[in-house]
Each structure stands twice: as C-alpha cells, then as structure tokens.
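Everything below concerns the one structure shown next.
The values are calculated or read from the model by the stated rules, or taken from the named source; none is laboratory data. This one's a predicted model, so the numbers in the text were calculated from it and none came from an experiment. Because the Cβ atoms are built from the backbone with ideal geometry, glycine has one as well, and the counts that use them run over all protein chains shown.
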Amino acid sequence: MNNVDGNQKLLQITPIRAQKTLDNADIFIHSQVVKDVYALISELWCSPPEADAERAEIKKDGERVLEGLKTIDEESAKLLSSFLKEDTISDEDYIELFELQPKCPLYLGSHTFDEPKTCANAAVSDRNGYMIELIGIYRHFGQTVSGGELPDYLPLMVDFLSLTAESRDDPIRGKFIDEYVLPFLPPMRSRLEELETSYLHLLDTLEKVIDLDLKTQVLPTQQSQPKEEEGRRYV
C-alpha cells in the first residue's frame, strides 16, 4: 500500500526529538540491534516449529541476537536469555495458552476492551476503533495486514516495530509505541503472571527493548487520530 499522500495526512502532529545521547555511528548499531531483537521476539511469540531443523535455526538466531543485545543493554540480554533457556513449549500447551479458547490471547485489544455482544455493536466497539487506527498506521509505513490476522496481534505488532526500526525520525512510529502498544501491555502482563508462564520473560524483554528503542525515537507532542475507513470492521 502507498503511504498517505499530502491530501490525506495520517496524523496531524508536531514532532519533538527524543533525547539522543548516542552519536550517529552508535545510533546505527543501536537501531540494528533493536531491529533484530524485535524480529526474534515476534518469532518467539508464535507457535514453536515442529521440525527439529527449524527449532535449531531459531536457537542459532537467538544466540546471535543475544550477543548483539549484550553490547547495548545487559539487563535486556539477561531477560531474553532467561526465556531462551526455558524448555520449548509443546504445541498442545501453546495452543491452550494462546490459541483455542486461550488463557492469554495474543491480541492486545482483547485484554483491555470488552467484547461486543452483537455484530452491530462490533462495528462501533472501542476495540474495532483501535484496530482501524492500527491499520491506518501500518498503511502510513506501506505495510498491510496479511495472513488473516487481526491488526492487534502481538507478534504482528512487534514485527512492525522491527520493519520500521530505521524510521526513528517519524513521530507516527513514536505514537504507535506510546499510545497503541505500551498502554496495552500491563493487562497482558497481569494475565501471564497469574498463569506463571515463562512467556513473562519474553514480555519483560519486549518492554525493555521498547525502552531502548525510545531512546532514539521521535515522539509526537499531541494526541491525534489516524484516518478511519468507513465500513471497515475487524471484530
């Protein structure tokens, strides 16, 4: 999809610079590490592969990413290492935890917004509005949601952060983090804590990496809304 043109601005915002304490070379290395960590975290939230070769490849990639993360933040690296050291979850346990009648859905909006009781209410629900705004942000960066997933699917949102890691000067990305991701993580954290699952380590890592990301990310100075599409419904 094309980015929003000059007549259809996605967001009307005045940017402020993040407090950058890194020089240009360090910022480049920092962004590349953050990009790689996001990509790995996105993959780790997904169902574990069945094939041994794929599992081995993820483990190898995890070790590589972990070494890079150690160069910019030891605490984040320790959290990621804690998750990687856990025994791989079985398909059955993963499905029970995250998929069919999940104990902890991977859809961020589902932890915050009440489910609509009718199809008519779904079209005007708060969660539907949240997801329409997410779609607008994805399109601003030339991205579309594919594979039948909803736009508030956590692995998809984290993958989006990886794909846009070099867009740190775009305040719309900062808005995505500050208004569409961070406020929706605490309810999911509470649920993972109740379940006493090792995926809490992965959420800890994600939150720490977001903190690292925000060190160089431009943020918006005022709230505004992405352009909604009439007639679109996602729940």
Exercise for the section: Look at ILE172 and say whether it is modelled with pLDDT of 95 or more, touching a His at 6+ places or on another chain (Cβ under 9 Å) and among the β-branched types (Val, Ile, Thr). Expected result: yes
Exercise for the section: All but one of (1) loosely packed, with under 13 Cβ neighbours inside 10 Å; (2) at pLDDT 95 or above hold for ALA56, so report the exception by its number. Expected result: (2)
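What residue, of THR164, THR144, is surrounded by fewer than 20 Cβ atoms within 10 Å (Cβ to Cβ) and of a type in the set (Ser, Thr, Tyr)? Break it down into steps so the answer makes sense when it comes.
On the way: THR164 fails: surrounded by fewer than 20 Cβ atoms within 10 Å (Cβ to Cβ).
Just one listed residue meets the conditions, THR144.
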Problem - Subset of the range 43-59 [part of a helix (DSSP H, G or I) and closer than 18 Å to SER162 by Cβ] - result: GLU43, LEU44, TRP45, GLU57, ILE58
Practice task
Please verify whether the range 82-89 includes one or more residues that are surrounded by fewer than 17 Cβ atoms within 10 Å (Cβ to Cβ), at pLDDT below 90, of a type in the set (S, T, N, Q) and under 27 Å from PRO183 (Cβ atoms).
Solution key: no
Practice task
Quickly run through the range 178-200 and pick out the residues that are surrounded by fewer than 19 Cβ atoms within 10 Å (Cβ to Cβ), out of contact with any Lys or Arg (no Cβ under 8 Å at 6 or more places or on another chain) and not acidic (Asp, Glu).
Solution key: LEU182, PRO183, LEU185, PRO186, PRO187, ARG189, SER190, SER198
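Where in the range 137-215 are there helices (runs of 4 or more DSSP H), lying wholly inside it, with at least 1 residues that are of a type in the set (Ser, Thr, Tyr)?
In the range 137-215, 154-163, 185-195, 199-214 are the helices (runs of 4 or more DSSP H) which contain 1 or more residues that are of a type in the set (Ser, Thr, Tyr).
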Fill in the blank from the handout: Going through the range 91-113 in order, the residues found to be surrounded by fewer than 18 Cβ atoms within 10 Å (Cβ to Cβ), more than 17 Å from LEU203 (Cβ to Cβ) and either under 19 Å from the mean Cα position of the chain (by Cα) or in contact (Cβ under 8 Å) with a residue 12 or more places away in the chain (or both) are ASP91, ILE95, GLU99
Problem - Near pairs, Cβ below 7 angstrom, 6+ apart or cross-chain, from the range 61-74 (without any contact (Cβ under 8 Å) to a residue 60 or more places away in the chain) to any residue that is among the charged types (D, E, K, R) - result: VAL65/ASP36; GLY68/ASP36
Practice task
Look through the range 212-228, keep the residues that are surrounded by 14 or more Cβ atoms within 10 Å (Cβ to Cβ) and of a type in the set (D, E, K, R), and return whichever of them is modelled with the lowest pLDDT.
Solution key: LYS227
Exercise for the section: Quick one: count up the residues across the range 63-114 that are among the charged types (D, E, K, R) and assigned to a loop (DSSP other than H, G, I, E, B). Expected result: 7
